[in-house]
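K.L.:
The structure under discussion is supplied below as structure tokens; questions concerning it will follow.
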Protein chains: 2
Amino acid sequence: MAFTFQINNNVEFTHDEKLLKKAKAFKPVLQHTTITSHKIVKVTKNADELGGYGVIPIAKFNTSSKPLKKGESIILDFGDHHVGHFSIHIDSVGSPMDAPLTLRIKFAEMPIELTQNSTDYKGWLSSSWIQEELIHLDVLPFELKLPRRYSFRYVELTVVDTSPKWQAVFSAPKLETETSVNTKNLKSVKITDPQLKKIYNVGLKTLQDCMQTVFEDGPKRDRRLWIGDLRLQALADYATFKDTTLVKRCLYLFGAMASKDGRIPANVFTRPENTPDDTFLFDYSLFFISILNDLMDFEPDYKVLNDLYPVAKKQIDFALTKVSPYGELKLDDNYPVFIDWSNDFDKTTAGQAILIYVLKQFINLTNQIGDDSTKYQSALDVISAFAKHDLFNQDAKLFISGPKQEFNIASQVWMVLAQVMSEKENKVIMQTTVSKLFPVKNIATPYMYHHIVEALFVSGLKDQGTKLLKQYWGKMISLGADTFWESFDPDKPNYSPYGSTLLNSYCHAWSCTPVYLIQRYLLAEE
Amino acid sequence: MAFTFQINNNVEFTHDEKLLKKAKAFKPVLQHTTITSHKIVKVTKNADELGGYGVIPIAKFNTSSKPLKKGESIILDFGDHHVGHFSIHIDSVGSPMDAPLTLRIKFAEMPIELTQNSTDYKGWLSSSWIQEELIHLDVLPFELKLPRRYSFRYVELTVVDTSPKWQAVFSAPKLETETSVNTKNLKSVKITDPQLKKIYNVGLKTLQDCMQTVFEDGPKRDRRLWIGDLRLQALADYATFKDTTLVKRCLYLFGAMASKDGRIPANVFTRPENTPDDTFLFDYSLFFISILNDLMDFEPDYKVLNDLYPVAKKQIDFALTKVSPYGELKLDDNYPVFIDWSNDFDKTTAGQAILIYVLKQFINLTNQIGDDSTKYQSALDVISAFAKHDLFNQDAKLFISGPKQEFNIASQVWMVLAQVMSEKENKVIMQTTVSKLFPVKNIATPYMYHHIVEALFVSGLKDQGTKLLKQYWGKMISLGADTFWESFDPDKPNYSPYGSTLLNSYCHAWSCTPVYLIQRYLLAEE
């Protein structure tokens, strides 16, 4: 994810070398596979695909391309989404090469990226994320190996300039894939519903391509360990690859680099060295506890718990300072709650729900480690009581949020996930949500959709959950997704939060969760 | 030089491995010096400098630049023209680096290049020669070492994009120079006239920067061994560095790769392997003989002569097939004579003169090797007689050229250099040239100016020769030249044969000849 620019240059951070050493010990060795492209495609208008563009094959790519003159280009299709390094052999034909070759190489996850000119980009996010290189080669033949890693299915090669005397010829395009996991040792999963099966497989590829030396949010853009993505990736990983070492590595990275006042930052960098970002989000800091608790649920590791429990405790202690004596969470702009990219709805109640959700998980950890949970139990009672008595509207059967007493989906979803009300009440809340607040509008993140679907499943509305899952993630596939996207609003499929789809990440961690949702709520019973 | 696009794909070439082996044996080891920049400059309007632009220093460059945000740039001044590799250390300051750095690096020989946008270039020569790179760096700090060689004095660093959270900082800019000769062992030359001294030094630097693994025409553009440049570079080299090995290497390269019909191509490539270009010029092929003869004049090497005499002979034999029984040279478009870039004057008589000029040199070689020169002496007589009787206008005291009986400077100059007439007549011809055809108009090459100045010296008009030398080369210096230019018309200083000064080569071999002219015609007598 990348949605906000907080600049908090003055925040001081801890840098716990002992924990960082453990993070390093869990660093995976990346795995590589070399694949090639056999297909030249062209972009065509296709109303059924994302942005109205798809590709059709126009030629086989056998040994080499036809010679390309100034201004000519070809698009190679590698058949599926991959993350890795690109190389290609380039030679000249015709008269001797009497000028350098200027070559533009553009990498695209989706065809729509190939229809846009990078020089036209005027969005707010750095244009330096655009996966495009301009290269001068003085002497051909040359084996071009690009040093950077890209996330792509398509590669467009454009001969920007040669001279009238010779042309460029391309051969042996190679993609050396990079990921920390492979699917070879995965048990095959039996899913009878063909659409669900497709959704599952695309989710799995999404997760795999985001699993690198950390759980990255998106291999094309950000390429970074965000805690919001990590929480969902870890759940998806337990349902599939079951690689707990990468989860532990990421927990240690966050645990080692909290701010001096105790808060876990929203994301950390690992290159050139481990560095915390100066961005803080209330819910993201708290989710450190969730991730630790989910790990203990899946495969208990008391060493990890012992190491990181003090860090977890600081998150909850800091969060509780934001709660009034009456149990009301009161946040300010310096430590906002994320919930979703959209700022068109009030997030107060959802924030309160997340605090309850995490507080319960923390008490669980406290009990496991044998710490005294009395204080936290009391806090939970007060905060839950405020939610029940002051935020729930008995008539509407919905939670309200904010000074305008707004009904919104996020409040219901998180209060249900936090299990503030009884099982029966939760079902009614979600039924009411479906009847009064559906269809979902103005939500563009698979992150928020994940929580809506999970709340439907948790409250027993399995059909509604399955329907929404198919509608949302299935729609991406029908629009051409090989991996699931960072951002998708079914009502505005071409929407980009960045002002250009060139910057959209079409393989994004927080959208991989159908593997988890399907395994946990649908397959368990199949 | 680069002035024409001949495409003769069907020409077959010899590839004499024995001669190529000798060329390889003479390949020099390049010499390197590391220099740094201490000065940040900005481009300012200056009516006295080329194109109306100069630079003024705005800050010292000490340890590092001030942090640069998106869109900001600095220009580093390395103090003089150099050829070599550039490296610089780049770091980030501010919040952690949350997006790649996009950096544009532009190399310029002259300030005017910095005022032009490469994307506006629409000229006919390949834009791939523009010395500009667009680079993405994922992780800072980074020691950026560009793999390509550039020819420059100025480096403009532009931060195309970062993110609002951090800025880029540059430090330790380095230029590792590259040339096959150094000036350390050169005897100092006493030149009392300060302007001539300056012209000499700039000519010396021009020659030095063009001396690489071959005599290059220009280190910025073409970067290639052209025979027209080589002839003048060799003469300049004998007057200064006296490095005959590089001349021999270049002679062997040409000698090894003539076309199957015997003609020496106008230029050859040496990377990735030795390859002749498919461009042929009548005078350039013949100048192979001149270069061999000039070498024998300077420092006789009978091994080289024995190896290359057969190749030289083929040039003259082929040339003589283009001569009528009455001694008239008749050329066609397939094998044109160069003389100068300009096609605004008739070149017939100048071509005839060059044939005479070279034929005399060939007879000289024939005598040295002990071959029978009777045939060539007869040819010389007939061709000279045609020139004297059919091309010289006794009334005007000038040679005519072409069907329109045009008087032009090139005809007089080359007939004088070829010594077709007596010493006395030559003086009259050049006096008439000065009074009737001067000032020189519409000549933009130092190559042609060189021959005009030399003809003035040769015919005894030393003051006129010195005056023109100072006017022409001195004017380049007053316009800001650190090295002499490929192209310069004093009446149109901003002229570019390529439609943009971005493509002009401001350090070009064929303009270095003042060192030769001064040494031979002015210093010998001082």
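The values are calculated or read from the model by the stated rules, or taken from the named source; none is laboratory data. Everything quoted here is computed from the prediction, not taken from an experiment. Cβ coordinates were reconstructed from backbone atoms using ideal geometry, including for glycine residues, and neighbour counts include every protein chain displayed. The area values use the complete protein model at the heavy-atom level, side chains included, leaving out ligands, DNA and RNA. Shrake-Rupley method; radii C 1.70, N 1.55, O 1.52, S 1.80 Å.
K.L.:
In square angstrom, what is the accessible area per residue of segment B:34-177 with a 1.4 angstrom probe?
P.N.:
Using a 1.4 Å probe on heavy atoms only, each residue of segment B:34-177 averages 38 Å².
K.L.:
Where Lys and Arg each count +1 and Asp and Glu each count -1, what net charge lies around B:Leu68 among other residues with Cβ under 15 Å from its Cβ?
P.N.:
Counting the neighbours of B:Leu68, the net charge comes to +3.
K.L.:
Given only helices, namely DSSP H runs of n ≥ 4 each adding -39500 (n - 2.57), what is the per-residue ellipticity at 222 nm of chain A, to the nearest 500 deg cm²/dmol?
P.N.:
-11000 deg cm²/dmol
K.L.:
Sticking with this one: FRET efficiency for A:Lys21 and B:Ser171, Cβ-Cβ distance as r, R0 = 30 Å, nearest 0.05?
P.N.:
Calculated transfer efficiency: 0.45.
K.L.:
Round to the nearest 10 and report in Å² the accessible area of A:Lys198, as given by a 1.4 Å probe over the protein chains' heavy atoms.
P.N.:
Counting only protein heavy atoms, A:Lys198 exposes about 120 Å² to solvent.
K.L.:
Just give the residues from segment B:123-147 buried by at least 30 square angstrom of accessible area in the all-chains context relative to the isolated chain, probe 1.4 Å, and say none if nothing qualifies.
P.N.:
Output list: B:Ser126, B:Ser127, B:Ser128, B:Trp129, B:Leu134, B:His136, B:Asp138, B:Val139.
K.L.:
Right, here's the next one. Give me the residues in segment B:154-177 whose solvent-accessible area, probe 1.4 Å, is reduced by at least 40 Å² once all protein chains are included instead of the chain isolated.
P.N.:
Listed in order, they are B:Asp161, B:Pro164, B:Lys165.
K.L.:
Here is a follow-up. Using +1 at the Cβ of each Lys and Arg and -1 at the Cβ of each Asp and Glu in the protein assembly as shown, identify which of A:Ser422, B:Leu20, B:Asn267 lies farthest towards the dipole's positive end.
P.N.:
It is B:Leu20.
K.L.:
Please report, for A:Pro310, the nm distances (one decimal) from its label point, 7 Å out from Cα along the beta-carbon direction, to the equivalent points in the remaining copies, shortest first.
P.N.:
8.8
K.L.:
How long are the semi-axes of the ellipsoid equivalent to chain B, from square roots of 5 times the Cα gyration tensor eigenvalues, in whole Å, largest first?
P.N.:
The three semi-axes for chain B are 44, 25, 21 Å.
K.L.:
Count, for each residue of B:92-98, the Cβ atoms from other chains sitting within 10 Å of its Cβ, then give me the mean as a whole number.
P.N.:
Counting Cβ atoms of other protein chains within 10 Å of each residue's Cβ and averaging gives 6.
K.L.:
Let me ask another. Compute the normalised compactness of segment A:34-177: alpha-carbon radius of gyration over 2.2 N^0.38 Å, N being the residue count.
P.N.:
With N residues counted in segment A:34-177, Rg over 2.2 N^0.38 Å equals 1.04.
K.L.:
Ignoring ligands, DNA and RNA, what percent of the 1.4 Å accessible area of chain B is carbon and sulfur?
P.N.:
Summing carbon and sulfur atoms, their accessible area is 49 percent of the total for chain B.
K.L.:
Follow-up question, since we're still on this one. Compare the Cα positions of A:Tyr506, A:Ser487, A:Thr432 along the charge dipole of segment A:394-521 (+1 at Cβ of Lys, Arg; -1 at Cβ of Asp, Glu; about the Cα centre) and return the one farthest towards the positive end.
P.N.:
A:Thr432
K.L.:
How would the protein assembly as shown be classified by its alpha-carbon gyration tensor: rounded, prolate or oblate, with rounded meaning a/c under 1.5 and the a/b versus b/c comparison settling the rest?
P.N.:
Prolate, because a/c is 1.5 or more and a/b exceeds b/c.
K.L.:
Another question, if that's okay. Can you list, shortest first in nanometers, how far B:Gln394 lies from the same residue in the other copies, with each label 7 Å from Cα toward Cβ?
P.N.:
Distances to the matching label points in the other copies: 13.3 nm.
K.L.:
How far is A:Lys467 from the same spot in each other copy, in nm, shortest first, if each label point sits 7 Å from Cα toward Cβ?
P.N.:
Spelled out, the distances from A:Lys467's label point are 10.0 nm.
K.L.:
So, one more: With label points built 7 Å along Cα→Cβ from the Cα atoms of B:Asn393 and B:Asp344, find their separation and express it in nm.
P.N.:
Reported label-point gap for B:Asn393 and B:Asp344 is 1.9 nm.
K.L.:
On to the next question. Can you tell me the dipole magnitude for segment B:160-287 around its Cα centre, using point charges on the Cβ only (Lys, Arg +1; Asp, Glu -1), in Debye to the nearest 20?
P.N.:
Taking the Cα centre of segment B:160-287 as origin, the dipole is about 520 debye.
K.L.:
When chain B is turned about an axis onto chain A, which of its residues keeps its C-beta closest to that axis, and how many Å is it?
P.N.:
B:Leu134, 2
K.L.:
Using a 1.4 Å probe and counting only protein heavy atoms, how much accessible surface gets buried when A and B come together, both sides summed, in Å² to the nearest 100?
P.N.:
For A against B, buried area totals roughly 3300 Å².
K.L.:
Mind listing the phi-derived Karplus ³J(HN,Hα) values for segment A:305-313, rounded to whole Hz, using 6.51, -1.76 and 1.60 with θ = phi - 60°, and x for any glycine or proline?
P.N.:
For segment A:305-313, the Karplus-derived couplings read 4, 4, 5, 9, 4, x, 5, 4, 4 Hz, x marking Gly and Pro.
K.L.:
With +1 assigned to the C-beta of every Lys and Arg and -1 to the C-beta of every Asp and Glu, and no other charges, what is the dipole magnitude of the protein assembly as shown about the Cα centre in debye, to the nearest 20?
P.N.:
It works out to roughly 640 debye.
K.L.:
Can you flag which of A:Lys205/A:Lys441; A:Lys322/A:Lys360; B:Lys27/B:Lys314; A:Lys122/B:Lys145 are past 19 Å Cα-Cα?
P.N.:
A:Lys205/A:Lys441; B:Lys27/B:Lys314; A:Lys122/B:Lys145, as the Cα separations exceed 19 Å there.
K.L.:
Using the basic label-point model (7 angstrom from Cα toward the beta carbon), what is the A:Val29 to A:Thr245 distance in nanometres?
P.N.:
According to this spin-label approximation, the distance is 0.9 nm.
K.L.:
Treating only the Cβ atoms of Lys and Arg (+1) and Asp and Glu (-1) as charged, compute the dipole magnitude of segment A:34-177 about its Cα centre; round to the nearest 20 debye.
P.N.:
So the dipole magnitude of segment A:34-177 works out to roughly 180 debye.
K.L.:
Take the Cα coordinates of segment A:369-526, assign each an equal point scatterer, and use the Debye formula without solvent to give log10 I(q)/I(0) at q = 0.15, 0.17, 0.18, 0.19 Å⁻¹.
P.N.:
For segment A:369-526 at q = 0.15, 0.17, 0.18, 0.19 Å⁻¹, log10 I(q)/I(0) is -0.88, -1.04, -1.10, -1.16.
K.L.:
With the crude spin-label approximation of a point 7 Å out along Cα→Cβ, what separation in nm comes out for A:Phe438 versus B:Asp332?
P.N.:
About 8.5 nm separates the two model spin labels.
K.L.:
Any idea of the accessible area per residue across segment A:232-275, 1.4 Å probe, to the nearest Å²?
P.N.:
Roughly 25 Å² per residue, with all protein chains present.
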